[in-house]
Structures are given as structure tokens and as C-alpha cells.
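Here's the structure, in C-alpha cells; my notes come after.
Nothing in this text is a laboratory measurement; each read-out follows from the coordinates by a stated rule. Please read all numbers here as calculations on a predicted model, not as lab measurements. Every residue, glycine among them, receives a Cβ derived from its backbone with ideal geometry; neighbour counts consider all protein chains shown.
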Amino acid sequence: MNVKRITRLLRLLQTLQSGSGRDATRLADSCGVCRRTLFRDLQTLKSAGVPVEYDREDGRYRVAGAYFLPPTNFTAEEAFALICLAEQSANAEMPAFLEPAGVAARKLLAAMPEELREQFRSLTGSVHLRPTARNPLAEKQSVYQLLVDAQAARRVVEIDYGSLTEWETIHTKLRPYELLFDRRSWYVIGRSSLHNEVRTFNVSRIHNAEATAECFRRPQGFSLARYLRNAWRLIPEPGPDSEVHVHFQSVVAHNVSEVRWHATQRCAWRDDGTLDFRATVSGLSEVSWWVLGYGDQAEVIAPVELRRLVARRAANMMRIYDRA
């Protein structure tokens, strides 16, 4: 087998491993070969033990399940970054279910010469990641893995879910489009048969999950960015976007300005050291909790709906403390 064909096969394998899935014509185009050559290369991969399969429902080729990637040459800087991040994240459970990353880091270390391995251990031991508060998702790893597999195989999942908005455990068929880790927990986003629309589900509140034999086709136009719109975090609300304007006192102004809270944020300093924060958001409820976290150091200027929402919640808080 010549070098040119080996390079082509590796490119085909990387394309299949990307998870996007493509039909024969698109695969052939991406590899720069005709369909006849593509089918011969696919057969070569299968003969070599690569679990290539054709999804008749989606009309696409993909690599089934877990498969070992070909060896990769890392620079010292790349290896250090990967080992440090993987080991620290796995040890701190940040985010959840990063055990495989820790295993990968240890494999990378084991492949190094002894002297270099000791240097890496010394360096990574002096760098620390301190995670924020998070949901440990105790006993939910099997649910998480089931969702990962169902997403890859385009399988519908039946779930029992402890809904906080409906105040009961609901049962629905879910088409898992995306998995998202956001700050404190894992979420699965997909179409719910009960709600007949795309919804966000917290993995920690999925009590039971079971994959079905039913397949689904992911909508061609769906994307996580399009679904979330300009939500402050995870929950886009119906209706037009709102222009938010919050005035922060100088005590917290630098703290606010140093963080990228939202993709649309704009910050402007006043001469007295205070800060005007503006953003365009799809929904106000999540923003209100953020503003309340700054107490009397933040004032909502606009919109009036957000100002009233924050005032109402602050008044309710006052009533709680007045009882003392």
C-alpha cells in the first residue's frame, strides 16, 4: 500500500470519526476520490477492523461505538496542556464523567521516557484547577452514556423526568440532539413527544432512561446556537429579544467587566468609576437572578419588565428577613 493511499485512508477515517456522518457522494468529494474508489477504501477499513457501518435511516456512513484513534505526535506544550487539564479535571470531577480523560492522560504519560515523565509530573503537580460548585450527578453515569450512544445512533429514548415546571415526574419520548455541560451540570437538548417541541432536560433529574428501537432524523436546520438564541444561559423565552441595561457600582464594576457573561455584552465606564452593562437577551428570568447576586451594587435601568421583576423578588426577600 503506497503512502498516498495510506494518507487517503487516514483522511477518510478522520472524516468518519468526526461524527457528522456523510453519504457516499459527500464522502467521496471530501476525500477527493470517485465513488468507486471510496467504496474500495471503505472495504479496506472494514477489513482492518474499523467498525464502519451504513445507517440506512439517515443514509450515511459512520464509525460505530468507540474506536481507537491513530497515534498522534504531540509537542511538549500540547502534551503538558492535555495531561494537566485531563488529570486535574478528572480528579476534581469537573465536569462530570471525565474519567476517560484521566485514563488518556495516564496513557500519554506512560508512553514518555522516564526522565521526561518525571518532569511532566512535577509540572502538572504545581498547576491546579479549582472547580466551581457543580452537580456531581451521582449514579447518573449510565444515563449519560445511554444518551451519548442514543445521540450517535439516532435512537429515540424514553425517559422519566422530575420536572420543576410541571411539579411532577413526567414520561416522554426524547430525540437527543445535543449534550451540553453548562457551568454546573449536564443537559440534554432534544425534541420531546410530550411537549411536541425541543426542550432542555437536566440529566440529574432523569430518573429512568431506556433506548428504543425507534430511529429519528435530526432536523437539518437545527443547531444549538439557533435553539438557545440569545438566552442568558440555557432557557430562551418566547417573544422578541430584550435590551438589558444594568448600572453597577464601582465596588463590583471591575469584577463584572472582566468576565464574558454573554456574547452580546457591551460595557461602558462612567467618570465616577461605575459601569454600564448592556446585553441583548432572549428572556429575562435568568438575568434577574444574576442581577440579584450583586445585591445593592446593581440597578436595572432597562427594560422596565426586568426592573419590576428584580424589585418584586427583592421585596419578597425583604419579607423573609423581616420575620427575624
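Some observations on this one:
- Distance between modelled label sites at Ser193 and Arg11, nm, 7 Å Cα→Cβ extension: 4.3 nm
- Between Thr169 and Leu85, the contour length at 0.36 nm per residue exceeds the alpha carbon distance by 26.5 nm.
- Karplus-derived HN-Hα couplings along segment 295-310 (A = 6.51, B = -1.76, C = 1.60, θ = phi - 60°), whole Hz, x at Gly and Pro: x, 7, 8, 9, 9, 6, 8, 7, x, 5, 5, 5, 4, 5, 5, 5
- Residue list for segment 179-222, given a label point 7 angstrom along the Cα-to-Cβ vector of Ser285 and an amide N cut-off under 15 Å: 199-202
- Per residue convex hull volume, Cα atoms of the chain, in Å³: 216 Å³
- Rg followed by Dmax, in Å, when segment 141-228 is reduced to its Cα trace: 12.0, 33
- Neighbour-limited loop hits for GluC sites (Glu not before Pro), segment 162-221 (at most 16 other Cβ within 10 Å; DSSP other than H, G, I, E, B): Glu166
- Positive-pole candidate from Ala152, Leu224, Met317, dipole of the chain, charges at beta carbon: Ala152
- Residues Arg270 and Glu77, FRET efficiency given R0 of 35 Å [Cβ-Cβ distance, rounded to 0.05]: 0.25
- Nearby aspartates and glutamates by direct alpha-carbon distance to Lys173 (threshold 17 angstrom, same-chain neighbours under 8 apart not counted): Asp149, Glu158, Asp160, Glu197, Glu210, Glu214
- Stokes-Einstein D in µm²/s, Kirkwood radius over Cα pairs - segment 177-273 at 20 °C with 1.002 mPa s viscosity: 127 µm²/s
- Taking the fewest neighbouring Cβ atoms within 10 Å as the starting point, the ordered list for Ile83, Ile235, Ile320, Ile206 is Ile320, Ile235, Ile206, Ile83.
- ³J(HN,Hα) computed for each position of segment 203-216 - Karplus, 6.51 cos²θ - 1.76 cosθ + 1.60, integer Hz, glycine/proline x: 4, 5, 9, 7, 6, 9, 9, 9, 6, 10, 7, 6, 9, 9
- Signed unit charges on C-beta, dipole axis of the chain, positive-most listed residue Leu109, Tyr294, Val50: Val50
- Loop-located trypsin sites (Lys or Arg not before Pro) across segment 244-312 with a Cβ neighbour count of 13 or fewer within 10 Å are Arg260, Arg270, with loop assigned by DSSP.
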